[in-house]
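Here is the structure we will look at.
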Amino acid sequence: IEGGLSLDNKAGWETGGENGPAVKPRDLTNSPLIQAIRHHDSDSAMPPKKKLPPIEIALLETWVLLGAPDPRTSAAHKP
């Protein structure tokens with residue numbers, strides 16, 4: 001886990017790492033993850049070498065706008 005950041009569960013992206021939360025639900029401007037995938041700053045760009053396809057960026061932006069729900073605990077995914 002680089003920088004103390006874990007993105008594999010909701011607690012990880014809400015708590016964040018050394019620089020605080022990775023995602024600010026419903027806030028694209030202040031969500032570091034969104035800024036990183038948009039490649040606004042080459043030092044924090046994710047992935048560092050090649051920008052994600054626009055559709056993948058749009059999916060992550062939509063997820064943040066929806067409040068960054070954990071799909072594993074969503075009522076829609078429960079049997």
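The values are calculated or read from the model by the stated rules, or taken from the named source; none is laboratory data. Everything numeric here is computed off the predicted structure, so don't read it as measured data. Note: ideal-geometry Cβ built from the backbone for every residue, glycine included; neighbour counts use all protein chains shown. Note: accessible area is taken over every heavy atom of the protein model, side chains too, but ligands, DNA and RNA are not part of it. Shrake-Rupley method; radii C 1.70, N 1.55, O 1.52, S 1.80 Å.
Odds and ends about this structure:
- Residues that are open to solvent by less than 30 Å² (accessible area, probe 1.4 Å) and either in contact with a strand residue (DSSP E or B) (Cβ under 7 Å, 6 or more places away or on another chain) or of a type in the set (Val, Ile, Thr) (or both), drawn from segment 4-39: VAL23, ILE34, ILE37
- Hits in segment 14-32 (condition: in contact with a helix residue (DSSP H, G or I) (Cβ under 7 Å, 6 or more places away or on another chain) and over 14 Å from LEU66 (Cα atoms)): GLY17, GLU18, ASN19, PRO21, ALA22
- Taken over segment 53-79, residues that are under 16 Å from LEU7 (Cβ atoms), open to solvent by 60 Å² or more (accessible area, probe 1.4 Å) and either modelled with pLDDT under 90 or in contact with a strand residue (DSSP E or B) (Cβ under 7 Å, 6 or more places away or on another chain) (or both) amount to 3.
- Search result, residues across segment 43-52 that are open to solvent by less than 100 Å² (accessible area, probe 1.4 Å) and farther than 18 Å from GLY4 by Cα: LEU52
- Any chance ASP27 is closer than 22 Å to THR73 by Cβ and at pLDDT 95 or above: yes
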